[in-house]
1. According to the Cα gyration tensor, what semi-axes, each the square root of 5 times an eigenvalue, does the equivalent ellipsoid of the stretch 53-126 have, listed from largest to smallest in whole Å?
2. Any chance you could tell me what percent of the C-alpha pair distances in the stretch 237-310 go past 19 Å?
3. Mind checking the per residue accessible area of the chain for me, 1.4 Å probe, whole number of Å²?
4. Pull up all non-local amide H partners of V166: gap of 5 or more, or a different chain, and H-to-H distance under 5 Å with H placed in the peptide plane.
5. From Cα pairs below 8 angstrom and at least 6 apart in sequence, can you work out the relative contact order of the chain, rounded to a whole percent?
6. Determine ³J(HN,Hα), in whole Hz, for all residues of the stretch 235-241 in sequence, where each value follows from phi through the Karplus function 6.51 cos²θ - 1.76 cosθ + 1.60 and θ = phi - 60°; x replaces Gly and Pro.
7. Report the residue, chosen from A173, A260, A83, that carries the largest GNM mean-square fluctuation when the chain is represented by alpha-carbon nodes joined by springs under 10 Å.
8. Please identify, among L163, L234, L178, the residue showing maximal mean-square fluctuation in a Gaussian network model of the chain using a 10 angstrom Cα cutoff.
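The values are calculated or read from the model by the stated rules, or taken from the named source; none is laboratory data. Quick caveat: nothing in here was measured; it's all calculated off a predicted structure. Every residue, glycine among them, receives a Cβ derived from its backbone with ideal geometry; neighbour counts consider all protein chains shown. Just the protein is used for accessible areas: all its heavy atoms, side chains included, with ligands, DNA and RNA removed. Shrake-Rupley method; radii C 1.70, N 1.55, O 1.52, S 1.80 Å.
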Amino acid sequence: MARLGDSVVAGLSLAVVPAMAVSLAAAGALTVVNPDSVYPEGPLVRDGTLYYAEMGSDRVMAWDGVSNTVLWSRPGCLPTTVAAWAADELIVLCHREELLARIGLDGETLGLIDADETGQGFPNPNAATSDGRGGLYFSSSGRFAPRAAATGAILHLDRDGRLGRVAEDIHYANGVALSPDGGTLFVSEHLSRNVLAFDVSGDGSLSGRRVFLRLDDLVGSDAERGWEVGPDGLAVDRRGNLYIAEYGGGRLVVVDAGGAHLATIPVPNAYVTSMALSADEAQLFITAPDSQFATGGAVYAIANPVRQPD
């Protein structure tokens, strides 16, 4: 099996295809990174290693292109995302404990953050993305239920450790991703099946909230669809293309910077949670639980069907 930076993964050719609507056939076959992952979520590629959370086993895994190893664990955490932090640190979002854990690359716990600068907690932290300035944005989802109120929020942790609330009243805030120019933050509003966009100011604050896209406009409406199906993890590539994991829909949807559909990538496990791009953006790493419950799942790699030459 090839390592993370290589052009082939387990014999999978990573040929470039035109930036047009494509399907799995154009992207190639999925390669299994971990066939028995316990509710995987929130992947991160950093310095040639794929990190991902296993919510169902309270641990963070690391894959070097050959083997999966346990990097960190904390009983009761229910981790949902691994995020880049300082040069030698990661941040893990603990969904159940409602805190952020700072960990070293050796798996040591370095500190815990459980409140913002006003002393307020952040219920059910879920997904995170770099702010491009040494800090990060993350979602505080609120309650995941059919008639739950819109109590989700976005928080900003700056590189000096200041933590502030920058958006509220989101109907289950989930995935977050920043545009290449740092000017737009995308947020999954899971229970409304929308992806929101916010303008980002120099101080990290957000404004100009709007609906960037309605997922049903891309995949169609379905009266029989379960309440839990909606946009989960997000990622953005260097060209501004947005990758959307549809939890419960068993697919990734890729749109360009204007929201036009580029590709749909089916995933065998319906409850796909998120994805991460390799450093050269030739590969996508996908985390996909088997069900809503914290039991099984798998982690996959696939050629990026919309990658274009630099």
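1. Numbers: eigenvalues 95, 39, 16 Å².
Working from the Cα gyration tensor, I get semi-axes of 22, 14, 9 Å.
2. On the way: 866 of 2701 pairs.
Considering the stretch 237-310, 32 percent of its Cα-Cα pairs are separated by more than 19 Å.
3. Details: 12040 Å² over 310 residues.
Here the residues of the chain average 39 Å² of exposed surface.
4. Residues meeting the criterion, in which the H sits 1.01 Å from N, are I154, L155, H156.
5. On the way: 898 pairs, mean separation 57.2, N = 310.
After rounding, I find 18 percent.
6. Residue by residue, the stretch 235-241 yields 8, 10, 9, 5, 8, x, 5 Hz.
7. Taking springs between Cα atoms under 10 Å, the residue moving most is A260.
8. Ranking L163, L234, L178 by mean-square fluctuation puts L163 first.
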